1. Looking at the stretch B:63-109 only, could you name the residues that are out of contact with any helix residue (DSSP H, G or I) (no Cβ under 9 Å at 6 or more places or on another chain) and touching a residue at least 60 places away in the same chain (Cβ under 8 Å)?
2. Out of (1) touching a residue at least 24 places away in the same chain (Cβ under 8 Å); (2) within 22 Å of the chain's Cα centre (by Cα); (3) within 13 Å of another protein chain (Cβ to nearest Cβ); (4) open to solvent by less than 50 Å² (accessible area, probe 1.4 Å), what's the single condition that is false for residue B:125?
3. Please tell me if residue B:47 is open to solvent by less than 20 Å² (accessible area, probe 1.4 Å), at negative phi and not assigned by TED's automatic domain parsing to the domain that holds residue B:183.
4. Is there a residue being of a type in the set (D, E, K, R), in contact (Cβ under 8 Å) with a residue 40 or more places away in the chain and surrounded by 21 or more Cβ atoms within 10 Å (Cβ to Cβ) anywhere in the stretch B:173-188?
5. Here is a list: B:12, B:37. Which entry is within 25 Å of residue B:202 (Cα to Cα) and at pLDDT below 90?
6. Please report, ordered by residue number, the helices (runs of 4 or more DSSP H) entirely within the stretch A:149-246 with at least 3 residues that are within 16 Å of the chain's Cα centre (by Cα).
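The values are calculated or read from the model by the stated rules, or taken from the named source; none is laboratory data. Keep in mind it's a predicted model, so treat the numbers as computed, not measured. Cβ coordinates were reconstructed from backbone atoms using ideal geometry, including for glycine residues, and neighbour counts include every protein chain displayed. Each accessible area value is taken on the protein alone, full model and side chains, heavy atoms only, with ligands, DNA and RNA left out. Shrake-Rupley method; radii C 1.70, N 1.55, O 1.52, S 1.80 Å.
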Amino acid sequence: MTLLEHIGLYSLLMYKTFSVPQRWKMFFKQLWLEIEKLGANSLSITLIISVFMGAVMTMQTQMNTENPLLPSYTTGLVTRDTLLLEFCSSILSLILAGKVGSNIASEIGTMRISEQIDAMEIMGVNSANFLILPKIVAFMIFIPFLVIYSMFFGLLGGYFISLFTDLITPSTYIYGIQYWFISWYIYYSLIKSVIFAFIIASVASYYGYHAYGGALDVGKASTHAVVNSSVLILMFNVVLTKLLLA
Amino acid sequence: MIQIENIQKTFGSNRVLKGITSTFETGKTNLIIGQSGSGKTVLLKCIIGLLNPDEGDILYDQRPLSEMDKNTRTQLRTEMGVLFQGSALFDSMSVIDNVLFPLRMFSPLNEKAQRDRALYCLDRVGLQGKETLFPSEISGGMQKRAAIARAIALNPKYLFCDEPNSGLDPLTSIKIDELITDITREFQMTTIINTHDMNSVRTMGENIVFIHQGEKDWEGHMDEIDRSPQSKLHEFIYAGYAQSKR
């Protein structure tokens, strides 16, 4: 299939997805389930990654900025800005593209190959609207919480390094993460993450919805979903940075 | 009553259906039989609207499918019940939630009445006491029964079954056949069954359409098979018997 065909099919699927739900009650029920499945179930992985990445970032920054010309608070400042600007939105989204994207693609793909989607269509249910819309909305609603959560635990990871090693003192680290704070960086990170959430959920749904064949094809759909949503995240990251920061 | 008129369908250069015309009457179990690859699944998918025929039309109680707009088709689909080859039960829902699904989406009944209706349908197919189990926790025969219960939940006018006995042992197959025959008469539905199970043909074929290489080769009642001069039909019907005699 050519790129244009993919874009065409994706657009048609999104047109079908973004219609008024046939039953609002069922939509909200699905929405809560998806918030739990896609959002709440990602809290533990976000915590682990953020703490360790924050810790490593602090150590590497400290080790590479041992120049007497640089102020001691540089480590905290660089860690904070790296977390806020890139890690907690872009890198976290790339990680979630793997977890959430493969989850969505394999779930919808399995439903496709086992005729569950056909069964819905035959009943007169708009399957794209029923299955995909709650996933997209749920993930877009929940990702700002994941980003804030990741920022907190990333900074906490750095604090642990200052607490348990002699690389940097806790007071210097705390001073650094507070120094020259630009609140727009948080908004920038949140805006990016919401757009990335849409990319992850919609691209994964697209590949799952158009999976045909057997279990192997569901696996392929899942791989395509992760790879392509990751590439799109990286591309949109450049565009959004230019639009929002430059 | 469902009438199909000159249905033709081609995939690429492969002419799968070559102008099939037939009438499926209400209150009767209508069987579409034929070898694997003869086109019977494609014909069934055309009848239920999952595929659009290249030529010809399908009339649901004199209402042409080709002239129906989106809303009319959605309405028609609430009058259909479909039993898929692999049951197509929703994995993430319990047995009762599967049966409740079409009711929650389309029924004007209140919650209690919907639940009562679902319990009645489950009781009708002999699945009382299995409501809370998930599809993966019940046998293949039970899954078929649950799928039948879901198919009849909205009291459909038309019931379609694609290979209802596939993967089932002979005794369970007979029970499923009896169940389909009973509910067809009880609810006065127009039932079309796609099968190559010879026991089904012999026991429930009130109107049989034999398809050979995309063409209707023979049509009649199960009692007329022996009197038919069609050698291809006899070859198909008695193939298993002839093999066992050797």
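1. B:79
2. The number of the failed condition is (3).
3. No; evaluated as a whole, the condition is false for this residue.
4. No, every residue in the stretch B:173-188 fails to be of a type in the set (D, E, K, R), in contact (Cβ under 8 Å) with a residue 40 or more places away in the chain and surrounded by 21 or more Cβ atoms within 10 Å (Cβ to Cβ).
5. B:37
6. The helices (runs of 4 or more DSSP H) meeting that bar are A:184-209, A:215-244.
Per-residue answers, yes or no, for (1) more than 14 Å from chain B (Cβ to nearest Cβ); (2) open to solvent by less than 70 Å² (accessible area, probe 1.4 Å):
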position: A:18; (1), (2): yes, no
position: A:22; (1), (2): no, no
position: A:32; (1), (2): no, no
position: A:36; (1), (2): no, no
position: A:60; (1), (2): yes, no
position: A:73; (1), (2): yes, yes
position: A:92; (1), (2): yes, yes
position: A:107; (1), (2): no, yes
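Conditions tested, residue by residue: (1) open to solvent by less than 10 Å² (accessible area, probe 1.4 Å); (2) within 14 Å of chain B (Cβ to nearest Cβ); (3) under 23 Å from residue A:14 (Cβ atoms).
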| residue | (1), (2), (3) |
| --- | --- |
| A:76 | yes, no, no |
| A:80 | yes, no, no |
| A:83 | yes, no, no |
| A:88 | yes, no, no |
| A:101 | yes, no, yes |
| A:114 | no, yes, no |
